[in-house]
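To start, the structure under review is shown below, and the notes come after it.
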Amino acid sequence: MLEKPIITPKEAVDLVKDGDSIMFGSFLVCGAAELLIDALAISDKKDLTIICIATDYEDRGVGKLITAKKVKKAITSHIGTNPQTQKQYIEKTLEVNFVPQGTLVERIRAAATGIGGFLTPTGLGTIVQEGKEIINVDGKDYLLEKPLKGKFAFVHAKKADKFGNLQFHGSANNSNLFMAMAADITIVEAGEIVEIGEIDPDFVHLSGIFVDYLVKA
């Protein structure tokens, strides 16, 4: 069947199990799948691992999940705008794995494209280096950074057709593209769902082959 199932936010959340990892494509709520996040925040799910560029705000975006204490571990670059993330991290009720932003996105891209990892000098001589292999190339040291993927990706698109071809809008694209490619199961919250063929091929930013379910925003 060409068409992808169109489900409700609750049905999407029902697919998630306690302890699952979820990738969220957004940055400070820009490009966030807010209906899916809201449904997850009021669910009974717990002990989640979230993968995101930032933990947003305590009352918006993925920050709602931290405020609701649904999250056991956050793999992220930025927590400065969410006091709840900081509080739970200091109290040791939330594990935060800090990853330099460029490295984080490149690790996700590596998973999305089937690359076994990449070399970067970022983090050498810091705590980022701990536990990682150092590889010397032409006399220069690099850290080997490995791919990062999730069980689910919750992403937002401006428009989707019923096959799942996606069109993003402006900077809301940020990490949605590679998050959608890097997860086992990708659920897309779309502002508009149209018939197959209604999106100009020149404006298809992600092929529907990476999409499993659609949710109408």
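Odds and ends about this structure:
- Scope region 181-210; condition under 24 Å from ASP14 (Cβ atoms) and touching a helix residue (DSSP H, G or I) at 6+ places or on another chain (Cβ under 9 Å); matching residues: MET181, ALA182, ALA183, THR186, ILE187, VAL188, GLU189, PHE210
- Which numbered condition GLY125 fails, given (1) part of a loop (DSSP other than H, G, I, E, B); (2) at negative phi; (3) of a type in the set (Gly, Ala, Ser): (2)
- All told, ILE37 falls short of being under 23 Å from THR126 (Cα atoms), touching a strand residue (DSSP E or B) at 6+ places or on another chain (Cβ under 9 Å) and buried (at least 20 other Cβ atoms within 10 Å of the Cβ).
- Residue ID - nearest to the chain's Cα centre (by Cα), chosen from residues in region 78-118 that are more than 22 Å from ALA180 (Cα to Cα) and assigned to a loop (DSSP other than H, G, I, E, B): ILE79
- Sole residue being of a type in the set (Asp, Glu) and either in contact with a Ser or Thr (Cβ under 8 Å, 6 or more places away or on another chain) or in contact (Cβ under 8 Å) with a residue 40 or more places away in the chain (or both), chosen from ASP38, ASP18, ASP59, ASP44: ASP59
- Region 137-217 holds no strands (runs of 3 or more DSSP E) entirely within its bounds that carry 3 or more residues that are surrounded by fewer than 24 Cβ atoms within 10 Å (Cβ to Cβ) and at pLDDT below 95.
- Only a single criterion out of (1) closer than 22 Å to LEU214 by Cβ; (2) surrounded by fewer than 18 Cβ atoms within 10 Å (Cβ to Cβ); (3) under 16 Å from the mean Cα position of the chain (by Cα) is not satisfied by ARG60, namely (1).
- Against the test of being among the basic types (Lys, Arg), modelled with pLDDT of 95 or more and crowded, with 21+ Cβ neighbours inside 10 Å, the options LYS10, LYS70, LYS87 yield a single qualifying residue, LYS70.
- Region 109-136, residues that are of a type outside the set (Gly, Ala, Ser), without any contact (Cβ under 8 Å) to a residue 60 or more places away in the chain, surrounded by fewer than 13 Cβ atoms within 10 Å (Cβ to Cβ) and farther than 15 Å from ASN97 by Cα: PRO121, GLU133, ILE134, ILE135, ASN136
- Test result for LYS4, surrounded by 15 or more Cβ atoms within 10 Å (Cβ to Cβ), closer than 25 Å to LEU166 by Cβ and of a type outside the set (Gly, Ala, Ser): yes
The values are calculated or read from the model by the stated rules, or taken from the named source; none is laboratory data. Quick caveat: nothing in here was measured; it's all calculated off a predicted structure. FYI the Cβ positions are ideal-geometry reconstructions off the backbone, even for glycines, and counts take in every protein chain you see.
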